[in-house]
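Each remark here refers to the structure printed beneath this line.
What follows draws every value from the coordinates through simple rules; no lab data is involved. Being a predicted model, the structure only gives us computed values, none of them experimental. Cβ placement follows ideal geometry from the backbone for every residue including glycine, while neighbour counts extend to all protein chains displayed.
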Amino acid sequence: MRYDVVVIGAGINGVYTTLELLDRGIKKIAIIEENYPGSGGTFRCATGIRASFTSREHVVLMKRSIEKWKELSKRFSFPFIQGGYVWLLSREEHLRNFKEYVRFHHSLGVPTRIVEPDKIKELVPTIKTDGLVAGVHDPIAGKSNPFTALLNVLEYLKKSGVEVRYPEKAEKIIVENREAKSVLTEKERIDAETILVAAGYGSRGILSTCGVDAPINNLPKHAMITEKYREVFKPLLVDWETASYMVQTVSGGFLIGAELEEEYNKPPMNRIEFLYTAVRIWSKYFDWFPSTHIIRYWTGYYVMTPDHHPILGPVKDVEGLYVSTGFSGHGFMIAPAASEAIAEWIVRGKPGIREAENLTIDRFKEGKLIHEIAVFG
Amino acid sequence: MDPRKIIICRCEEVTLADVLEAIEKGYTDLESLKRYLRIGMGPCQGTHCIPIVLRILRRATGKNPEELMLPTSRPPLHPVQAKYFMGGDKD
Ligand SMILES: Cc1cc2nc3c(=O)[nH]c(=O)nc-3n(C[C@H](O)[C@H](O)[C@H](O)COP(=O)(O)OP(=O)(O)OC[C@H]3O[C@@H](n4cnc5c(N)ncnc54)[C@H](O)[C@@H]3O)c2cc1C
Ligand code: FES
């Protein structure tokens with residue numbers, strides 16, 4: 001059997017791109033997943049969704065994503081809650097920087113604003129704001145549920161005739177006369193008109209089998225969650241000083257991520273100091289936090305590129321080969337817009353959103369890295 | 001007995017009817033079933049429910065245990081109060 005499109009990787013990007021292709025009339029699609037759907041970054045993520053970034057490319061794509069999150073969550077009955085983001089700032093210099101970011105957001109229509117500590121207390125009941133100079137509120141940001149956001153769509157794909165193959169590892173992409181021809185898996189050779197690499201942490205490896213060098217590196221990250229509690233606050237919080245975040249997930253647990261020094265491409269390992277770091281940071285803000293029960297601690301990768309922007313679209317030298325990876329920690333939120341862009345590219349030869357054209361893999365060779373006004377969350 | 005009244009996962013309140021319906025929909029490995037129903041994601045991390053679901057799945061699918069993808073238990077294996085990570089020597 002020859003497929004119109006073979007997608008490598010059943011994460012949120014592989015799955016959503018398949019949906020967008022189906023919606024455009026492409027029917028013969030196979031998804032190949034080496035573990036189980038969602039097992040990469042997608043099921044490990046905090047589901048933060050926002051458009052308040054510091055490059056035009058990110059802002060434009062994320063704004064489109066937010067529109068699509070609204071549609072998709074309705075169509076596939078999963079939650080998308082626009083509870084906002086609040087950055088907690090404890091230094092004057094950070095506040096000065098954020099004033100500049102807020103101006104940038106406004107120039108692109110993202111309504112962030114600087115808020116006083118009293119307003120933070122209103123947005124985040126029970127928080128202690130001692131030591132904070134201000135906060136920044138992004139009211140259009142939100143959160144979802146990674147499991148139903150992926151699985152409900154996947155169920156629809158299967159019903160529509162998409163072949164979802166797992167566990168099956170893609171081992172090689174076969175290119176002949178500069179044309180992508182087939183994917184060789186551990187089980188068989190699968191022929192395709194078009195091949196999309198949406199393999200998260202495995203993208204660099206599988207692309208290298210056909211001579212394509214993707215400058216991506218996997219950075220270990222840590223996260224934990226408590227038992228479920230009734231809703232205390234809606235926004236995702238970022239302690240800017242430590243770059244740690246906390247969100248009460250739609251299921252009710254408090255999910256926390258915190259920075260530990262890590263080396264690229266090392267297998268992620270559980271480190272007890274993560275729990276100490278996370279608990280210390282958030283116990284300062286919430287008196288009740290020390291009495292919550294931690295039930296799980298896990299690790300995962302941020303799949304990083306040199307300019308912290310994704311790699312999207314066709315590979316110039318290989319006809320029929322497309323890439324959607326390198327999301328640098330933002331691959332969940334951008335998935336609806338990135339998937340739409342890739343599907344448009346495959347079907348119509350252009351991504352629809354012009355800014356996506358700046359994100360192809362060739363930008364690294366051509367020295368056209370994405371410019372940000374600041375490196376930010 | 002009515003499968004809607006048989007609780008399989010106490011922590012997340014999932015019934016036998018939920019499990020059978022999910023299997024019917026094609027959730028035939030434990031990893032996917034876990035995310036779809038939240039079975040095994042409660043405070044006991046599936047100590048109580050996963051062995052039962054494993055049996056139901058084996059009967060329904062005829063697959064052997066490794067094909068059913070047994071989920072990883074994440075630390076801490078039992079819920080621990082956050083306050084035990086606040087103090088002292090572990091910097
Ligand atoms: C702790 C943590 C918190 C995060 N929080 C957020 C957040 O709040 N918001 C946000 O937007 N993002 C967040 N992210 C990032 C987000 O999880 C990822 O960017 C996103 O899930 C990437 O989706 P994907 O579909 O590109 O990749 P993945 O979900 O990783 O999917 C790729 C799939 O490809 C498969 N695969 C790999 N190699 C092969 C192969 N050779 N053959 C077959 N299959 C293969 C993998 O098994 C995997 O299932 C977070 C990440 C972590 C680790
Ligand atoms: S009984 Fe299912 S997680 Fe505890």
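Could you work out how far the C-alpha centroid of the range A:151-165 sits from that of the range A:7-63, in angstrom?
Using only Cα atoms, the two centres lie 14 Å from each other.
Taking chain A as a Gaussian network, where each spring joins two C-alpha atoms under 10 Å apart, which residue of A:245, A:229, A:36 fluctuates the most?
Of A:245, A:229, A:36, the most mobile in the Gaussian network model is A:229.
Under 17 Å from a point 7 Å along the Cα-to-Cβ line of residue B:5: which residues of the range B:14-33 have their amide N that close?
B:14-18
Quick check for me: using +1 on Lys/Arg Cβ and -1 on Asp/Glu Cβ, what's the dipole size of the range B:7-85 about its Cα centre, in debye to the nearest 20?
220 debye
In whole angstrom, note down how far apart the Cα centers of the range A:328-377 and the range A:267-294 are.
34 Å
Looking at the protein assembly as shown, which Cys residues are left with no other cysteine's beta carbon under 4.7 Å from theirs?
For the protein assembly as shown, the answer is A:45, A:210, B:11, B:44, because their Cβ atoms have no other cysteine Cβ under 4.7 Å.
For chain A, with a Gaussian network of springs between Cα atoms less than 10 Å apart, report the residue from A:100, A:231, A:366 with the top mean-square fluctuation.
Maximum among the listed residues: A:366.
From the helices alone, meaning DSSP H stretches of at least four residues, give me the mean residue ellipticity at 222 nm for chain A, per-run term -39500 (n - 2.57), in deg cm²/dmol to the nearest 500.
Value at 222 nm, helices only, nearest 500: -9000 deg cm²/dmol.
Treat the range B:7-85 as a sphere of radius equal to its Kirkwood radius over Cα pairs and apply Stokes-Einstein at 25 °C in a medium of 0.890 mPa s; give the translational diffusion coefficient in µm²/s, rounded to a whole number.
190 µm²/s
For A:236, A:22, which order do you get if you count the other beta carbons within 10 Å of each Cβ and list the fewest first?
Arranged by neighbour count, lowest to highest, A:236, A:22 become A:22, A:236.
Report the local net charge at residue A:237: Lys and Arg +1, Asp and Glu -1, summed over other residues whose C-beta lies under 13 Å from its C-beta.
So the surrounding residues net to +3.
Within the range A:313-344, what residues put their amide N at less than 20 Å from the label point 7 Å along the Cα-to-Cβ vector of residue A:265?
A:324-329
Compute the length gained on full extension between residue A:126 and residue A:91: take 0.36 nm times their separation in residues and subtract their Cα-Cα distance, giving the result in nm to one decimal.
Gain on stretching residue A:126 to residue A:91: 10.4 nm.
Points 7 angstrom from Cα along the Cβ direction at residue A:160 and residue A:113: gap in nanometres?
Here the answer is 4.0 nm between the modelled labels.
If r is the Cβ-Cβ distance from residue B:78 to residue A:176 and R0 is 51 Å, what FRET efficiency results, to the nearest 0.05?
So, using R0 = 51 Å, E works out to roughly 0.40.
Can you tell which of B:41, B:85, B:14 lies farthest toward the positive end of the dipole of the range B:7-85, using +1 and -1 charges on the Cβ of basic and acidic side chains (Lys, Arg; Asp, Glu)?
B:85
With angles folded into 0 to 90 degrees, how steeply does helix A:56-75 sit against the dominant principal axis of chain A? Use alpha carbons for both and round to 10.
The two axes meet at around 80 degrees.
Hey, could you get me the Stokes-Einstein D for the protein assembly as shown, Kirkwood radius over alpha-carbon pairs, 20 °C and 1.002 mPa s, rounded to whole µm² s⁻¹?
Reported coefficient: 93 µm²/s.
Could you tell me how many degrees, from 0 to 90 and to the nearest 10, lie between the Cα long axis of helix A:272-285 and the main elongation axis, the longest principal axis, of the Cα atoms of chain A?
Around 50 degrees separate the two axes.
Pop a pseudo-label 7 angstrom from the Cα along the beta-carbon direction at both residue A:316 and residue A:77 and give the gap in nm to one decimal.
That separation, rounded to one decimal, is 4.8 nm.
State which entries of A:68/A:368; A:28/A:70; A:181/A:316; A:70/A:143; A:27/A:172 exceed 20 angstrom in Cα-Cα distance in the structure shown.
Listed pairs above 20 Å: A:68/A:368; A:28/A:70; A:27/A:172.
Please compute the modelled spin-label separation between residue A:357 and residue A:67, points set 7 Å along Cα→Cβ, answer in nm with one decimal.
Inter-label distance under the simple model: 1.9 nm.
Can you list the aspartates and glutamates whose alpha carbon is less than 19 Å from that of residue A:128, not counting same-chain residues fewer than 8 positions off?
Cα-Cα hits under 19 Å: A:92, A:116, A:118, A:231, A:239, A:241, A:287.
Report the extension gain between residue A:133 and residue A:350 in nm, rounded to one decimal, defined as 0.36 nm multiplied by the number of residues separating them, less their alpha carbon distance.
73.6 nm
Using only the alpha-carbon atoms, how far is helix A:12-23 inclined from the longest principal axis of chain A? Give it as 0 to 90 degrees, nearest 10.
60 degrees
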